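The values are calculated or read from the model by the stated rules, or taken from the named source; none is laboratory data. Bear in mind the structure is a predicted one, so any value in this text is a computation, not a measurement. In this analysis, Cβ positions are derived from the backbone assuming ideal geometry, glycine residues included, and neighbour counts consider all displayed protein chains. In case anyone asks, the SASA skips ligands and DNA or RNA and just uses the protein heavy atoms, side chains included. Shrake-Rupley method; radii C 1.70, N 1.55, O 1.52, S 1.80 Å.
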Amino acid sequence: METVKRIIKFFIRVLKRSLDPVFIVIVILSFGLWYFNKLNNNYDTNVIIPVKIENNINSSIGIHADTYEVECRVNGQGYRLLRYKLRPETNTEYIDISRLEITPIENSVESEIKASSLFTALSAQITDVNLISILTPQLRIVTSEIKKKRVPVISRISVDYERQYMQVGDIIIDPDSLDVRSVQPLLDTLSGIYTEGRHFQNVNKSLIGYIPLIPVENVVFPIQNVSYSIMVDEYTEVDISISVEVRNMPSGLNPIVLPADADVKLNVSRSRFPDDIGDEVKLYIDFNDSHTNIDKYYRVYYEAGEGIYLRNLNPMYVELLYEIR
């Protein structure tokens with residue numbers, strides 16, 4: 001009976017101590033140290049490794065964009081294996097298709113990746129754990145012939161200019177188009193490739209440099225960067241009145257434009273036109289617009305040399321009459 005009482009008193013003391021915050025902290029730290037020690041040990045386990053196969057510019061066949069989950073047997077430290085278990089997407093491996101041995105499957109649109117070539121490629125890329133074997137019995141992919149397509153390079157560069165400065169001409173991208181390679185279905189959806197976005201502020205001088213292209217999955221670019229150049233110049237404001245011409249006028253008609261002149265407000269490059277813009281600016285209407293006009297008014301069109309930019313045009317529409325001979 002006395003022994004039973006001592007055991008009961010012991011459990012009461014343990015229970016009281018378990019409610020002590022210091023005791024709880026000690027228990028948590030002890031568990032943490034034990035768990036950390038266990039994670040430093042090496043283990044063999046099965047993990048899923050996401051694999052993305054990338055097309056190669058020199059390959060005759062290509063693959064559509066896709067991710068394959070490959071089950072592997074690996075050996076490594078516990079804390080490294082834990083990352084593979086909890087967040088497999090962060091361990092995606094990108095493998096060049098030229099490193100794989102691909103065999104067409106008879107009477108099928110699919111091909112098979114030889115496991116030994118996939119093992120060799122993965123072993124060379126995975127450095128934090130040791131690859132023991134690939135457990136996925138067969139990895140089938142859909143391939144097709146690689147084709148080539150020329151597409152434009154589209155700039156995503158934007159510029160804000162300092163007061164009294166302006167861009168002269170277009171933003172020059174070099175090269176302005178590229179021959180890209182991929183499978184036909186991907187090329188059919190591709191109308192252009194884009195540069196990375198870049199924004200310049202308070203610019204008061206010309207710009208030149210290189211900018212990366214935005215990758216397109218499973219589309220191979222011959223280069224990864226293009227050059228850009230932006231000519232910038234100080235400008236002056238010019239207000240002039242210019243006569244409005246008539247173009248595509250049939251013979252035998254003597255046109256009268258009302259009003260005969262239009263007022264324009266221009267930004268003019270100081271270095272390109274230091275004195276006079278001369279005949280660099282043209283205003284005109286097109287007689288062929290009569291086929292689509294719903295009334296007798298014609299839109300006024302504008303032409304100018306590089307380095308001259310229209311800020312305002314008045315009037316934007318004029319009336320076209322004909323003199324009776």
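Given 0.36 nm per residue, what is the gain on full extension from Asn254 to Val203 after removing their alpha carbon distance, in nm?
Details: separation 51, 0.36 × 51 = 18.36 nm, distance 4.90 nm.
Between Asn254 and Val203, full extension yields an extra 13.5 nm.
Tell me, what is the per residue accessible area of region 250-310 in Å², probe radius 1.4 Å? Intermediate results must be reported in sequence, preceding the final value.
On the way: 3630 Å² over 61 residues.
It amounts to 59 Å² per residue over region 250-310.
Give me the percent relative contact order of region 82-149, please, defined on Cα pairs under 8 angstrom at least 6 residues apart. Display every interim value, and only then the final one.
On the way: 57 pairs, mean separation 19.4, N = 68.
Dividing the mean separation by the residue count of region 82-149 yields 28 percent.
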13 Å Cα-Cα reach of Lys265 towards aspartates and glutamates, excluding residues that sit fewer than 8 places from it in its own chain: Glu237, Asp239
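Which FRET efficiency value, to the nearest 0.05, do you get for Tyr322 and Asn225 by plugging their Cβ-Cβ distance into 1/(1 + (r/R0)^6) with R0 = 56 Å? Walk me through the intermediate numbers first.
On the way: r = 58 Å, r/R0 = 1.03.
The pair Tyr322/Asn225 has a calculated efficiency of 0.45.
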With Cα atoms, 0 to 90° folded angle of helix 2-18 axis to the chain main axis: 10 degrees
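Leaving ligands, DNA and RNA out of it, report the carbon-plus-sulfur percent of the accessible area of the chain at a 1.4 Å probe. Before the final figure, lay out each step's value.
Working: 10570 of 20260 Å².
For the chain, the apolar C and S fraction of the accessible surface comes to 52 percent.
Efficiency by 1/(1 + (r/R0)^6): what FRET value for Asn293 and Glu245, r their Cβ-Cβ distance, R0 = 22 Å, to the nearest 0.05? Numbers along the way, then the final one.
Numbers: r = 17 Å, r/R0 = 0.79.
My answer for the efficiency is 0.80.
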Percent RCO, i.e. relative contact order, over the chain, from Cα pairs under 8 Å lying at least 6 residues apart: 13 percent
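Give the calculated FRET efficiency between Asn41 and Lys114 to the nearest 0.05, with a Förster radius of 30 Å applied to their Cβ-Cβ distance. Don't skip to the answer; put the middle values down first.
Details: r = 34 Å, r/R0 = 1.14.
Taking R0 as 30 Å, the efficiency between Asn41 and Lys114 is 0.30.
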Helix 21-39 axis, angle to the chain major axis (alpha carbon atoms, nearest 10°): 80 degrees
For region 258-287 and region 84-113, distance of Cα centres in Å: 62 Å
Label corresponding to Rg and Dmax of the Cα atoms in Å when calculated from the structure given, among (1) 36.4, 138; (2) 19.3, 55; (3) 19.9, 80: (1)
